[in-house]
Amino acid sequence: MMPSAEGISAGGRQNLLDIEEPDEAVLLAAEQEITRPSRRRAMVVLVADHGIGSGPDTGALLAELLLEANFDVDGIITVASKKSQIRKAIETAVVGGTDFVLTVGGTGVGPRDKTPEATADVLDQDVPGVAQALRSSGQACGAVDATTSRGISGISGSTVVVNLAASRAAIRDGMAMLPALVHHLIDQLQKYSV
């Protein structure tokens, strides 16, 4: 809206008292656009031969925690503890454009624990600080399997991939700490994508 001739002072400037306040609805809409981060996509891969150790509702728990962390969950799949099946699940999520793949289980030292090896096969870059933070945080909360986890983390294409131990304590503690780190990595990937 152009100011009237009376609203302009002798120096050619508009009198500040004559400027109308912006519409409150416009301000609220603009504020919501700024403060509402875009939702990211996540895929969960549960690795277990005979059911995951944290219980049958692990998928639902992870979906809830991911939604709270501003992720839309594309799917939760369960695969056998076979390197080829774990790798295929991760690769499918990466090709599908998922921002974050969280594997749960298969990170111990048993003969069937193959998640870190399968994950390493698909990573383009290692990001060891995330796995180190999970182990450290797990130790602080008493999640023994998180502390002794061989889980790794890194980037495959433009997807962040993280291995998480399968106990409820490891999942809850990991999901309290992971979102800030994962969102930071996704921001970097999106900012510097070529």
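Taking amide H as placed 1.01 Å from N in the peptide plane, L164 has its amide H under 5 Å from the amide H of T103, V104, G105, each at least 5 places away in sequence or on another chain.
Here r is the Cβ-Cβ distance between L67 and R172 and R0 is 25 Å; the resulting FRET efficiency, rounded to 0.05, is 0.95. Between the alpha-carbon centres of region 65-92 and region 128-184 there is a gap of 15 Å. What number in nm² do you get for region 42-191 if you take the convex hull of its Cα atoms and divide its surface by four? Mean shadow area of the hull around the Cα atoms is 7.5 nm². Residues whose amide H lies under 5 Å from that of D72, counting only those 5 or more places away or on a different chain, are R40, R41, A42; hydrogens are built 1.01 Å from N in the peptide plane. Here region 42-191 carries DSSP beta bridges of which approximately 25% are antiparallel, counting only pairs with both residues inside. By the count of neighbouring beta-carbon atoms within 10 Å, fewest first, R41, R168 end up ordered R168, R41. Remark: the K82-S38 segment gains 12.4 nm on full extension, using 0.36 nm per residue and subtracting the alpha carbon distance.
Computed from the coordinates by the stated procedures, all read-outs in this text should not be read as laboratory data. Note that the coordinates shown come from a computational prediction; the quantities given were computed from them, not determined experimentally. Neighbour counts are summed over all protein chains in view; Cβ atoms, including those assigned to glycine, are modelled from backbone coordinates with ideal geometry.
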